[in-house]
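Read the structure below first, then the notes.
Readers should treat all values here as calculations from the given coordinates under stated rules, not as data from a laboratory. Worth saying up front: this structure is predicted, and the values here are computed from it rather than measured. Here the Cβ positions follow ideal geometry from the backbone for every residue, glycine too, while neighbour counts run over all protein chains shown.
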Amino acid sequence: MGAVRQGTTMHQDTTQARSAGKEFLSFTLGGLEYGLDFSKVQELRVLKSLERFAAGSEIVEGVAVSRGVIMPIVDMRAAFCRQALPTTPMTDVIILKLSACVMGMVVDGVTDVVTLGAEQISPIPGAGGGAIDYLIGLGVANGRRLILVDIDRLMSIDSAVQRQVA
């Protein structure tokens, strides 16, 4: 795991204004690396450390309590990989503060925080909108490729809509 540690509260870095770039939290799902707007991250937790109850379905893992807040937990590993995956010590939960709610997102692991300038982000080939409008673009930094997602849009997709997954 990179520089980001579990169980820490995420605060806006006052030095973000120092660069023209935008910060993205990078994480892995099914062998691919993704990035989401770091300002949407409230906290990082190890999955096993969350007090969970009310087990859910294949994708909605149930609800959990973190810092007194009850929130749904969505297993993005099952959503993106289309199968239930075993929990490992590297399995993380990204607690998100979205425009509509606070929720947890289970991922294979959190990598680090990456700052990307506009020139480092390109459109994703073949992603002309429609069912995959939650994709921002493809970010490239230090030889790494990140699939950048608009987490508010991704988490607001109607479950009845069949979507393509990057």
Note to self: Between ASP112 and VAL69, what is the label-point separation in nm under the 7 Å Cα-to-beta-carbon projection?
What the structure shows: 2.7
Check: In straight Cα distance, which lysines are under 30 Å from LYS48, not counting same-chain residues fewer than 8 positions off?
Finding: LYS40, LYS97
Next item on the list: Run the quick spin-label model on ARG144 and LYS48: label points 7 Å from Cα toward the beta carbon, then report their separation in nm to one decimal.
Entry: 2.5
